[in-house]
Structures are given as structure tokens and as C-alpha cells.
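For reference, the structure discussed in these notes is given below.
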Amino acid sequence: MSSESQAQASPKGEAARSSVASRGPPLSPPAAKAPELTDELIQGGWSKCWSRRENRPYYFNRFTNQSLWEVPVLGQHDVISDPLGLNAAPAEGADANLGNGQRKRRSSEEQANSLKRAKVSHGEEPRRATNRRLAFGPVETHSVPFQAEPSTPISPGAPGAKPWSDDKQGAAPAQAAPAPAPYRPAVVYWDLEVQTNAVIRERLPAEQLPPHPEIELQRAQLVTKLRQHYHELCHQREGIDPPRESFNRWLLERKVTDRGRDPVLPSECRPVISPSMFREVMNDIPIRLSRIKYKEDARKLLFKYAEAAKKMMDSRNASPESRKVVKWNAEDTMSWLRRDHSASKEDYMDRLEHLRQQCGPHVTAVAKDSVEGICSKIYQLSCEYSRRLRHTHLGLLQDPPSAETPTAAAAQEDEAGTTTAAETTAESSPNPSRLVYCYPLRLARSSPPLPRVELHFENDVACLRFRGEMVKVNRGHFSKLELLYRYGCIDDSRFDKFLSRVWCLLKRYQVMFGGTANEGAGLQGALPVAVFEALNRHFGVSFECFASPLNCYFKQFCSAFPDTDCYFGSRGPFLSFRPVSGSFEANPPFCEELMDAMVAHFEDLLEQSSEPLSFVVFVPEWREPVTPALARMEASRFLRHQMSVPAYEHEYRSGSQHLCKREEMYYRAVHGTTVLFLQNAAGWAKWAPTPERLSELAASYRPSRAPQPPASPGPAQPPADAPSEATVREDGARDKTKERP
């Protein structure tokens, strides 16, 4: 046999011997290890497994249930398992060196351009085509300066304008790589194509620590622990449950005056005693009052209040005069209940109001020290938790970690961070006198590498998991967050940190507003889409003063958390946002202290600006007693018009819209809403509330469908015996949230 034939036969012989050996008992894994999976493949759901039957490794995708003997190749994926295109195969030629986000953006731009050309050739208007189909357009250009006169700003898309983000992409390739089609929700509740008319003065980056999943997880645990302490203190000291959502409103009210560094936990407030928490706990002493529908309920509530007031005065260190007054009124009420069995519901409610007026001051005086102790204790714990979080956060930002003690390391890193921020500020050199179109807030500190967050989809819900903690968002809003991230983020073109930042964002809002069903949803309620469209069309509104990446309609908005929201387009907290001109919508959380601070900010801005400036404000019509914010706006010299929308004749969009079903998206408002137009002279001349415009706005506010079943206490339609505003409200006072009927 020739040497050539022997060379060919050798591999065959080896294969035969291998085949015979494989019929024997199972062998252990060979010494040569199979290739390991890359991070991109692991992110796409791939994992390496061992087949005992075949005695070799295989690869399984937990998202698609796909099994392969060979190592998966980048590009073998579907939209469900890899919605961000992390596993997309690199393109040939010029696109091979670009990141996945850049390739996808270029492909999307070409798709959008071809769509526009096709529509123009048929005589159609292409302006909103991209948004309605959720195709990803080019990144918005930020921070466009005025060239000469401050009254005529350059358009954000004007040629020659220096963008805020330094995008170093090259020229578009002749043929882009194919990208997976983005998820397109059937119904959208936003319009991210509306460009801003809000003009601000250029500002410095914010001194906030960049978000990190480890810190957000620890913050969630500490806030939950603080809620439990609040619940226990109310039970131990006053024998009551905490007022509904009073802890959530306490966080909002404290942030109005807080000068601390934690974005959630108050740590530097004056006064220490929260007026909001004190007022709400005191309103539930001696018992919690609720809405009354039937006569028997009113009778029972009156008896319970009299008995609880008398018992409280006997068990506390009250003055003899106070004890005597409360005891006499309580016994007189019980005597009246025993002898009068024909009283109506209104008689019982009038008697209850009289008893509260007589006993209330004495009950308040005897419980004052105890309730102040609750408020003070919660604030002190919040300060301690805030310090602990900051030290841990600064330790994570160290690269490599220091061997010093945590406290000393945190202090050293804090000083180094201040220097870095100063150097960054010197490099960017923002000019406070230069006017620019508003742009998303930037953080002074750069973000560290973030840990991996797992993503999978369950039907129409995106589930993100980190260290066993899962947060959810529906697929439509997940696509919205991706759009906002493309518009607002400048430091992550490859989307390497996208999932981690989405997890931090969702966890933050989950923690802020509580974990029980429907809790906190009222603090995030939004206007209907038709109202936003009318505001934009007739009053030039392009900016929301109080929103979040989850419930915003425009891509220009202010929100509560600059650190997590800035990557998704937030301009920062509204009370620190100072526009020079523009038309704005304000629908604040119904917290009295926050609304009062909002009005003061409005008047300050309108007083200082001579450019067109307009605020359309939506607040609850609470009249007994009237809220300070509403009274102040009605007396303002900038008030141009005021209109009222009756209760049950208009609706809001659910604050949990990123999770709820479509049939639960809207709810009827159980209180009236007052709409006020605050404008300076130039704003009134440009966006005057004329009768025609007001008529269109009122028509857009009318519910366009049948009412949905109630999601929380309160009828969907006003019953014949619906309580008037003078009736005792739930929780013993006006409900400060956008109530869920």
C-alpha cells in the first residue's frame, strides 16, 4: 500500500476504534475542555450542559428551548431571546468594527429613511411614522446654543450646531447589516417625536452617584425595613395602623426641603418633624375615620369615636380640664345614641363633626408628644440608613477597592469625586449665561462597570432579574425605555449597561411607592393621551414638569430621581429646573407641601423671565378647606384663566400603566380637577387660553369609553347618596393621592 493510502486509512482506523470504544461503559468528560461561552451568548440565554447519553457537551437556550451540539454562533438568535440585538452577527466590511447599538441604529435609520421616501412619493405626511411604529430613529442632538440673540434659539437639528454628545460615528456604510425588527406595541401612550420648545441656561452636571444594582438592592431592603418600623411605632404608641400611603407622601414632602445626598431617604431636613406625617397620623387619632355610605355605619363610627376619645384621655397624662371636657362630650353622645333611634345618616355625621370639634384639640394636645416621637424616630433611622448606603456606594466606585476602613475610604473617595467633578466641569466649560434647548441631565461621575442583569419575557411582560430580585414591565413600556435610552444616554452606545439601568429604575419606583397592589399608583397618575395631544396642538406644550420614564408622554420631562432617570431623558427634579421660556404641563403628586413649593417656583420663574413662558397646571379641587397651593394660584397675578372639570366626568391614566392591563389603564376621577393657566405677558400673547382652545381642551378631557370596574374604594359612578366634600373623607382627611375609583 502506498504511503498516500496509509495516510488516508489512518483517520478511518482511529474513527473505528473510537466507535468501538463508545459502545462500552460511559466515559468521563475528555480532558480537553469545550469552548466556553462568551458573555454575549450567556446574556442571550445560552448555557453549556453535558449529555450523559452522548458523552459530550451541548448548548441549551433557556429562552427559546433550542439545543445545539456546536458552540452557538453570534447571530443565531431571535427577537424574544435577544431583544437588544446583543447576539447580532457582525456586518461585512465597514460595519464589522462598529458596536451592536451603532449597527442597529444605522439599519433603523435606513429603514426610517426608506419609509419616509416611500410616503413622500405617495404624497403622505411622514412626520410621525417612526414613532407610531416604534422604529428607532437617530439620537437627539442636545445642548444647542444660541448664536447671537437669546430670543431666537437654533433648532436642535440645525447644521453647524455643536451637539452636547460627542458622537464619533463615521460615515454611514453603503449597506447596513440587517437588524431584528423591534417590538411594536398595539397601543402607545406617548409621542416621543414632539420636539422641545423649552429653553434653559446651560448648567453643570449633577453631583449624584451613578446607580448600581447592588446599592439599589440594599436601598430597597432598608426602605422596606423603615416602613416596618413606621408600622410598628404607630401600633405600639397609638394603637392604629399607619394612614394609607402616608409613608409615600412623607418621602415626597421631605424631599421638598431635603439637602441630603441620598435620592430616596431623607437625611438633612428642617424641621425634623414632618408636617405631613404628623398631620396624617394625628387625623387618625383616636380612630381612623372613613367614608360612610349607610346610616348604621355612621352610628357605629360615632359610638367608636366617643368611646376611643374617652379611653384615650383616661390612659394618658391629660390635664383635669381636658379630661373633663372629653368625658362630658363622650357621655353626652352615648346618651343621645341610646335614646334616639330615628336619626338619619346626616344627623349622625353632624353629631360626629360636633364631637370632633369639641374633643379634637384636647386629643391632639395629649397625643402631640407621642406622634412627634414617631416622626422623629423615623427621620433618625432614615439618616442612619442614608449614611450607610453612601459609604457602601462610594466603596463600590473605588477601582480597585481600597484596603482602608469603609468610613475612611468613603471620605477619601468623596473628596476625589469632588475633584473629578471639578475637572469634568472645567473640561466641558458650560456657560451659565448661554441659552440652550433643554437637554437630559448629566452626572458628574462616570458610571462603573455594572453587573449582569438577566432578561426574559413571559408573554407580554419583560422580567429582569438580579440576585434573585425580579422586576417587571410590559413589553410596550420596555420598548419605550429603549427609545428613551437612545435619545437620552450618551455614555453607552453599545447598550452594555442598559439592562442594569432599567433594573435600577424599576426597582427605585417600586420601592418609592410601596410593594402592595395599587399602592403609590395615585402618586404617578397621568393625563389621558387626548389631553396631551390637545395641550400640544393648542397651547404648544412639549414638556412635563412631573413625570417619570414610565409614565411620560413627551421625551422632555422632569422627574424625582436624577440618578436613575437621567439616562432615559429626565431633566432632573422640577424644583431645581429653571426654564427661561417654553410651554409646560404640570400635574404634580397630590402632596400639599410639594404643590405649595411648586407654585412658589412657578411665580419665581414667571417673575424673572421676559421670554414666552406658560404653565398649564392640573390640581385637585379641594375646597373644604382649600389647599394653600390652589388659593395661592387663584390669587396670583400670572393667572390668565381657570376652569373646573367635575368629578366622575373625567379620567386619569393609571400610575401603574407599565404593569396594568389595557382595560385597567384609565380610571374615573372621584374628585374635581382645577386647570389653571399661569403665564407671563409674552406667554399669554403666544399661548392665550382663548374660548376655542379651551373648548377643545375640555372636549379632550371627556371619557371616550364606558367606565371600568373600580380598582380601589370609591364608586365608578356617583351614587344617589355620594358623600359631599363636607363629609369626613377616608383616613380622616382629604386623600392626597389621585384616587383610584
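The values are calculated or read from the model by the stated rules, or taken from the named source; none is laboratory data. This structure is a prediction, so every number in the text was calculated from the model and none was measured. Cβ atoms come from the backbone with ideal geometry, glycine included; neighbour counts cover every protein chain shown. Note: accessible area is taken over every heavy atom of the protein model, side chains too, but ligands, DNA and RNA are not part of it. Shrake-Rupley method; radii C 1.70, N 1.55, O 1.52, S 1.80 Å.
Loop-resident GluC sites (Glu not before Pro) (DSSP state other than H, G, I, E or B) in segment 610-670 with no more than 16 further Cβ atoms inside 10 Å of their Cβ: Glu649. When the convex hull of its Cα atoms is viewed from all sides, segment 504-663 shows a mean projected area of 10.2 nm². You can think of it this way: the chain between Gln398 and Glu232 has 56.0 nm of extra reach, that is 0.36 nm per residue less the Cα-Cα gap. Residues Met470, Met598, Met282 ordered from highest to lowest accessible area at a 1.4 Å probe: Met470, Met282, Met598.
Rounded to the nearest Hz, the phi-derived 3J(HN,Hα) couplings of segment 263-280 under the Karplus curve 6.51 cos²θ - 1.76 cosθ + 1.60 (θ = phi - 60°) are x, 10, 7, x, 9, 8, 10, 9, x, 5, 7, 6, x, 5, 5, 4, 5, 6, where x marks glycine and proline.
With the whole protein complex present, Trp336 retains an accessible surface near 30 Å², based on a 1.4 Å probe.
Karplus-derived 3J(HN,Hα) values for segment 569-580, using 6.51 cos²θ - 1.76 cosθ + 1.60 with θ = phi - 60°, are x, 5, 8, x, x, 5, 5, 10, 9, 10, x, 8 Hz; glycine and proline are entered as x. Using a probe of 1.4 Å, the accessible surface attributed to Lys304 totals some 120 Å² when neighbouring protein chains are kept in position.
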